[in-house]
Amino acid sequence: MNILVTGILLSGTYALIALGLTLQYGVARIMNLGNGETLVAACFVAFWLYTGLAINPLVGLLIIAPAAFLINWGIYVVALQPLVKRAKNRGQLEVDSILATFGLLFLLQGLMIVGFGGEYHSYNFLAQRFDILGNSYGLNRVVAFGAAVLIAAALWFFLYFTRQGTAMRAVAVDPSSANLIAIDVARTAAFAFALGGALSACGGALLSTFYTFNASMGVTFTMKALIIVIMGGVGDVRGAVLAALILGIAETVVASLIDPGLTLAATYLLFILVLLFRPQGIFGRSAT
Amino acid sequence: MSRGITGSEIGWLIVGAAAAGVASLLPLFDQGFYLSLSVNIMLYAALCTAWALFSGPTHYVSLATAAFYGLGTYSVALGIDILPYPLLLAIAAAAGALLAGIVGAATLRISGVYFVIFTFGLAELVRQLVTWTQTKFATAIGLYVFTDFTEEHIYWMLLALTAVVFITGWAINRSRLGFAMRIIGNDESVARHVGINTAMSKIVLFMISGAFIGVAGAIMAPRYSYIEPPSAFNPMISFLVVIMALLGGTKRLWGPLVGVIPFTILMDIISSRFPNHTSIIVGLAFLTIVYFIPDGVTGLIEKARAKIAARRGSEVAGERTA
C-alpha cells in the first residue's frame, strides 16, 4: 500500500512531463529529445527562485510556465520550423527533428553543466510529514501531485472544451485535413510545441520540490517520458496519464522490492511489452 | 548474384589496400601521442563504418553502439583468464549480434521512431543489468584485463577489423540483401510489394552491424585494463558515432571515414583542453549537420561534382541530380 501510494504520487509529475512530450510529438510532429532539458532548466529556475528570492515553487510556476512557453515557441520557430518546411515526408522530418533535438539536448545540457556544475542540488520545501491511510509521506510530494492533477485537468479542459484545443486535436489527427477547415496548422503546431514545453517545465518545477537534481539528468526523464508517450499512444492525453501511473507504480515497486538500480530495466520491460502487444498505445485503435 | 567485378571496383580495391598498407606502417614512426590518437581514429572508423552498414540504407538512427561495444568489452573482461583471445572476439561478435537480433525483433517490425527511442536507452539498460548482476553475484564491480597487447597490436587489430567491415559492406552491396536494402531505403512499401521480407532484411543487417561493433569493443578491452560498467557502456560513444558517420555521409561506404578523422582529432583537442565543453561541441555538431550538411561532406562533394559536370554541358548528369 505504501509502495502504491508513493508510486501514484510520483506518477503525477511523470504525467505532466509526458503530456508535454505527447503534445510536442502528437501535434507539432517533433520528437523532442531535448524535452528533459526543459525540465532540468525548470528545476534550476525553481531552485533559484526559492533559495535566492524566497519565492514558493508553486507561485514560481506562474513565472516558469509562461517563460518556458515563450522560450519553446522561440525554439520551434527558429530551429524546428525550417525542418518542417524542408521535409519532403514524415520520415524525413522524424530523422531531422531527432537529430536537431539531440543537438539541443547536448547544447542545453552542456550550457547547464558549465553554468551550474555537475553537482546535485536540492532544497527544502514543505519537508513535513503527511499521513495517508496510516502511512506518512512527504507533504511536498503530495502537494506536487495535487498541483500536477490540477494542471493536467486544466489541459484536458483546454483540449476538449475550447476552440484552440479542438484545433490542436484536429492537427494531431491529420494536419492536411485540418488545413482544409481553416485551421492555421503552422501556428497551432508552434502553440502545441510551446504548450508542451510549458507543461514539461511545470513537471520539472514540481519535481524539484522533492527530488535531488543535477544538470545532466534530463536524458533519463526524456527516456521515461518517451516510454510513457508510446505506452499511452502518441497524442493521447488519457493514455499518457494512465501510462504515467503504470510507470510510476512499476518503478516504485521495482526500486523498493528488488533494487533501486533496476528502475530503467523496469521501464524497459514495460516498453517491450507495449511494443510487442500494443504498439498503438493503451487506448489506440490498431491500424489495419 | 553473379555480377562481375568491374574495373573501377578493382581500382578502389587497390586504393583501399594501399591506404590500409600505409596506415599499418604508422606504429613504426610514432609510439606515443600520434599512435594513441590513431587508435581512436581507427576505432571510430570501424564503429562508424559498421554503424553506417545498417543506418545508411535504412535511415534508422541507431544509438545502440555503446551497448554492443560494452558487451564486447565485457565478453573479454569476463573470459580473459579462461578462454583464448580469438575465441573471445567470436563471443563478442555473437553477443553483439544476439542483442541486435533481440532489439531488432522487438522494434524493427514497426515504425522507425520506436527503434530510435529503444536504442536511446539501451546502453543504460544493459549497464544497469550488468551492474546489478555483478553486485548480486560477484564481489567487485570492476574487472581487470591483463594481456601482452600493446598499443600497436590494438591499432593493427582495429585496422584489420575496419578492413573486414569494408569488405563486408562491399559484399553486402553486391548481394541480394544489399539490393533489398536499397529498395527498402527508397520506398519501403514498394519493397514489401515486390516480396521482400523487409523486417527480416533489416534485422539481419542490424545483427551484422552489431557483431562488428561488439568485436571493436572486445579489441579495445585490453587498452582499458580496468573495466567497469560506466566506462564500457559510455553513451557518448553512440552519439559520437552518429555524428561522425553523418558528418562524413552514409551513402558511400567510405563516407563515414571522411567524418571520423577530423572529428576524432577535434574531440581529442576539446576533451583535453576544455573537458567541460564536450557536450556543447556535440550539440553544435548535431545542429550543424542537420541544418548545413544533411547529406554529409561526401554529399557536398558529390553535389559539387554534379554541378561541375552540369556546367560542362553534360545534360545527363544534370538530369540525374535534379
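A short reminder: the numbers here are calculations on the coordinates, not readings from a lab. Please read these numbers as outputs of a predicted model, since none were measured by experiment. For neighbour counting, all protein chains shown are included, and Cβ atoms are generated from backbone atoms with ideal geometry for every residue, glycine included.
Fully extended, how many nm does the chain gain between B:His277 and B:Phe179 (0.36 nm per residue separation, minus their Cα-Cα distance)?
Working: separation 98, 0.36 × 98 = 35.28 nm, distance 4.23 nm.
Additional length available on full extension: 31.0 nm.
Quick one: if the Förster radius is 25 Å, what FRET efficiency do A:Arg187 and A:Phe157 give, using the C-beta to C-beta distance and rounding to 0.05?
Computed FRET efficiency for A:Arg187 and A:Phe157: 0.75.
Taking the alpha-carbon distance from B:Lys202 and a cut-off under 18 Å, which lysines remain once sequence neighbours fewer than 8 residues away in the same chain are dropped?
By straight Cα distance, B:Lys202 reaches B:Lys251.
What nm value, rounded to one decimal, do you get for the distance between B:Glu188 and B:Val164 when each label is placed 7 Å out toward the C-beta?
Between B:Glu188 and B:Val164, the simple spin-label model gives 3.1 nm.
What range in chain B is the longest one free of trypsin sites (Lys or Arg not before Pro) that are in a loop by DSSP and have at most 14 other Cβ atoms within 10 angstrom?
Here the longest segment lacking exposed loop sites spans B:4-311.
Rounded to whole Å, give me the distance from the Cα center of the stretch B:176-193 to that of the stretch A:144-176.
Using only Cα atoms, the two centres lie 40 Å from each other.
Given the DSSP H assignment, sum -39500 (n - 2.57) over each helix run of at least 4 residues in chain A and divide by its residue total; what's the result at 222 nm in deg cm²/dmol, nearest 500?
Numbers: 12 runs with 210 residues, N = 288.
Per the formula, -24500 deg cm²/dmol.
With angles folded into 0 to 90 degrees, how steeply does helix A:139-161 sit against the dominant principal axis of chain A? Use alpha carbons for both and round to 10.
Tilt of helix A:139-161: around 20 degrees.
In degrees, nearest 10, range 0 to 90: what is the angle between the Cα axis of helix A:163-173 and the longest Cα principal axis of chain A?
Between helix and principal axis, roughly 70 degrees.
Using a basic spin-label model with each label point 7 Å from the Cα along Cα→Cβ, how many nm lie between A:Gln164 and B:Ser8?
With each label placed 7 Å out from Cα toward Cβ, I get 5.6 nm.
Within the stretch B:169-193, what residues put their amide N at less than 14 Å from the label point 7 Å along the Cα-to-Cβ vector of B:Lys251?
Output list for this probe position: B:186.
Which helices count as membrane-span-like in chain B under these terms: full DSSP H, at least 18 Å along the axis by C-alpha, Kyte-Doolittle mean of 1.0 or more?
Membrane-span-like by this criterion, though nothing is claimed about a membrane: B:7-24, B:33-58, B:85-107, B:198-224, B:235-248, B:255-273, B:278-292.
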